[in-house]
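Derivation of every value follows stated rules applied to the coordinates shown; laboratory data play no part. Since the model is a prediction, treat every value here as computed from it, not as a measurement. Here Cβ is always computed from backbone atoms with ideal geometry, including for glycine, and neighbour counts include all displayed protein chains.
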Amino acid sequence: MTRTTARPWAVPGLSPGGPGTATAALDPAWSSWTGPHGGLLAALLLRTGQTLSPQDQEPQALTVQFLAATGGDTALLAAEVVRSGRSSSVVAATLRDRDGALTTTATLTSGRRRAGATWAGVPAPAVPDPDDLGPLELPVELVPFGQHLEYRPVGAHPLSGGATPSLLCWVRLRDGGNYDAAALALLVDVLPPALYGATTTPVPVPTVELSVLLSGAPTASGWVLTRTATRSAQDGWCVDDVEVWDGAGRLLAQSRQLRRVLGDLPLPGGSAA
């Protein structure tokens, strides 16, 4: 199976150089609470690493480590091949700020796909269509990147003090592009922290490490159903799992995020993260 011919999503600000190199203009409109949106940085790293992957291999997994905040308005990206084989390859990528300080690293695993049996072990929940749900507007002053997306929450809204630390929401990018691997690396990180489903207290919960697994489902566009849930929270850290399905219920991507909890965050039962 060869790389999809659908129009790839245009990663905002990315200017490719030679193979394995790129620069990116970091638009403040794509910032989160604590700096450039982590999902956007993941997409930049994936796209840069992809230029060194064999043409007959598709992205399968991406692991990103956020080492420090990325300041300034420019990012410098570079990638190198760790291993290249007939069926799979591994590429390491780095992102530095304009002064050369290393802020983010990533490992991209790509591989050949072949026809075979399919089993989706994480079925999409039964939910209303997005057109039957009301919109959610994220506060632009806190999370500017939210202006590039549309949200239709199912059930609890963020910071509404729900029963569980989880959120379920239809999401789509306003630019209407196809959701390739880079877009999915972004979309796994566009919901608020899952802890916000069970609290009314907004505190920063930045991601330290993000692991994305891509299912190999056909390229999607439009609304996707996204669920995030906290699996554990203690001692100022938490772990969130995310799933993304297309409108037909096909699993597109999964992720796990290790996050810091920068403040006291009351949870149901009287405990705090």
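With the chain treated as a Gaussian network of Cα nodes joined by springs under 10 Å, which of 65, 50, 234 yields the largest mean-square fluctuation?
Of 65, 50, 234, the most mobile in the Gaussian network model is 234.
May I ask for the equivalent-ellipsoid semi-axes of the stretch 110-185, computed as the square root of five times each C-alpha gyration tensor eigenvalue and listed largest first in whole Å?
27, 19, 13
Using a basic spin-label model with each label point 7 Å from the Cα along Cα→Cβ, how many nm lie between residue 55 and residue 141?
Between residue 55 and residue 141, the label points sit 5.2 nm apart.
What does the charge dipole of the chain about its Cα centre add up to, to the nearest 20 debye, if the Cβ of each Lys and Arg holds +1 and the Cβ of each Asp and Glu holds -1?
In debye, rounded to 20, the chain gives about 880.
Can you give the angle from 0 to 90° between the axis of helix 38-50 and the longest principal axis of the chain, with both taken from C-alpha atoms, to the nearest 10?
Taking the Cα atoms of the chain, the angle to 38-50 is about 20 degrees.
Tally Lys/Arg at +1 and Asp/Glu at -1 over every other residue whose Cβ is under 12 Å from the Cβ of residue 71; what's the total?
With Lys, Arg at +1 and Asp, Glu at -1, the neighbours total -1.
Positive end of the dipole of the stretch 130-260, charges at C-beta (+1 Lys, Arg; -1 Asp, Glu), about the Cα centre: which of 167, 247, 257 has its Cα farthest in that direction?
Looking along the dipole axis, the top candidate is 257.
Starting with the highest mean, order 102-112, 36-46, 159-169 by the number of other Cβ atoms within 10 Å, averaged over the residues of each peptide.
36-46, 102-112, 159-169
For the chain, the longest stretch holding no GluC sites (Glu not before Pro) located in a DSSP loop with at most 11 other Cβ atoms within 10 Å is which?
The answer is 1-136.
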